[in-house]
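The values are calculated or read from the model by the stated rules, or taken from the named source; none is laboratory data. Bear in mind the structure is a predicted one, so any value in this text is a computation, not a measurement. Cβ sites come from the backbone with ideal geometry, for glycine too, and all protein chains shown count toward neighbours.
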Amino acid sequence: MTENEKNRVNEFLSTLYHLSANTREAYQHDLELLIQFCDNQQISTWAVLDGRQLGSFIASRHRQGIGGKTLQRNLSAIRAFYRYLIRLELVKRNPAQGVITPKSPKRLPRTLDVDQTGQLVDITHTDPLAIRDRAILELIYSSGLRLSELTGLQLGSLDLADAVVTVTGKGNKTRKIPTGKKAITAIQHWLKIRNEFAAEDEQALFVSQRGTRISPRSVQLRLQQWAVRQGLVTHVNPHMLRHSFATHILESSSDLRAVQELLGHADISTTQIYTHLDFEHLANVYDKSHPRAKKGRK
């Protein structure tokens, strides 16, 4: 690849000011890998690269163990780059069109069972931060909140009398979710001491020691610390509590549509992953209890 052709990549990247820094860095990395491939294949210009060669590039990356999502991003960067070259009339076609990436196997979300969840959220410490953290964990598990939904809650988001929390989810969509008795009790304990922390006029439900809205990162770190203190041997994150909420509801009710509404999923197919989790639970029970069960189920 000539130096002039390589410079086209830098020119293209300079037009991506509207994207995040992480995305621009990822695109730069993807295109640098493509340049290396072209150099190895003695491809001198972008106009020469064709779909077959580009398919070989993706296949070689896949053989190196690169997953489907990363390969899709590789192709997204290349497609965008070629659209730029086409606008400049430097090439006539986009070789990335029609190139298919291998699909990544779906990973089932990790969950806690009911006993593990109870062990985690039953915090008995009485210092102010422990009271706040119990309210946070109880609410995530009780209502299946996303981390961003939790940290975005205002004082007015809660209706303690009706045991309902109003959250703003993806796409700025608002939904009302029932909240359990234990979560309500934990939140009431937190509200009694919240003003000791909260800055004047701060409307966030959960605040940090600085008195401002608690950050998602702080919630993640505090949850990790509590998992250790409560004796759990597995790594725990806020999304795992949301997954546990959905799985436990589905195990008891088998009502996928209700779980979809509670989680705020726009598409039922997103919620259907929990049916696989539910089957895993049933399969494990079967394997352990039936005298003629097939052992070693994958």
Subject >> Filtered residues of the stretch 210-226 (kept if part of a helix (DSSP H, G or I), in contact (Cβ under 8 Å) with a residue 24 or more places away in the chain and not aromatic (Phe, Trp, Tyr)) >> reply: Pro216, Val219, Gln220, Arg222, Leu223
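So that you can scan it fast, the table gives a plain yes or no per residue for (1) under 30 Å from Gln53 (Cα atoms); (2) touching a residue at least 12 places away in the same chain (Cβ under 8 Å):
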| site | (1), (2) |
| --- | --- |
| Gln97 | yes, yes |
| Thr117 | no, yes |
| Asp122 | no, yes |
| His125 | no, no |
| Pro128 | no, yes |
| Ala135 | no, yes |
| Gly169 | no, yes |
Subject >> Failed criterion for Glu89 (all others in (1) more than 30 Å from Met240 (Cα to Cα); (2) modelled with pLDDT of 90 or more; (3) surrounded by 12 or more Cβ atoms within 10 Å (Cβ to Cβ) hold) >> reply: (3)
Original post:
If we keep just the residues of the stretch 223-259 that are crowded, with 19+ Cβ neighbours inside 10 Å and touching an Asp or Glu at 6+ places or on another chain (Cβ under 7 Å), which is nearest to Glu138 (Cα to Cα)?
Top reply: Trp226
Subject >> Considering residues of the stretch 2-43 that are hydroxyl-bearing (Ser, Thr, Tyr) and either out of contact with any Phe, Trp or Tyr (no Cβ under 9 Å at 6 or more places or on another chain) or buried (at least 18 other Cβ atoms within 10 Å of the Cβ) (or both) only, the residue nearest to Leu71 (Cα to Cα) >> reply: Tyr27
Subject >> Whichever residue in the stretch 131-166 is more than 23 Å from the chain's Cα centre (by Cα) and closer than 16 Å to Ala198 by Cα and, among such residues, is surrounded by the most Cβ atoms within 10 Å (Cβ to Cβ) >> reply: Arg132
Original post:
Across the stretch 5-28, which residue is nearest to Leu54 (Cα to Cα) among those that are assigned to a helix (DSSP H, G or I) and within 23 Å of the chain's Cα centre (by Cα)?
Top reply: Tyr27
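Residue by residue through the stretch 180-207, note down the ones that are of a type in the set (S, T, N, Q) and in contact with a helix residue (DSSP H, G or I) (Cβ under 6 Å, 6 or more places away or on another chain).
Scanning the stretch 180-207 gives a single hit, Gln203.
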Subject >> Out of Ile177, Ile140, Ile136, sole residue that is at pLDDT 95 or above and in contact with a helix residue (DSSP H, G or I) (Cβ under 7 Å, 6 or more places away or on another chain) >> reply: Ile136
**OP:** Would you check if there is a residue in the stretch 232-241 being at pLDDT below 75 and among the aliphatic types (A, V, I, L, M)?
**Re:** no
Original post:
Can we say Ala77 is in a helix (DSSP H, G or I), among the small types (Gly, Ala, Ser), modelled with pLDDT of 90 or more and in the same structural domain as Leu241 (by TED's automatic domain parsing)?
Top reply: no
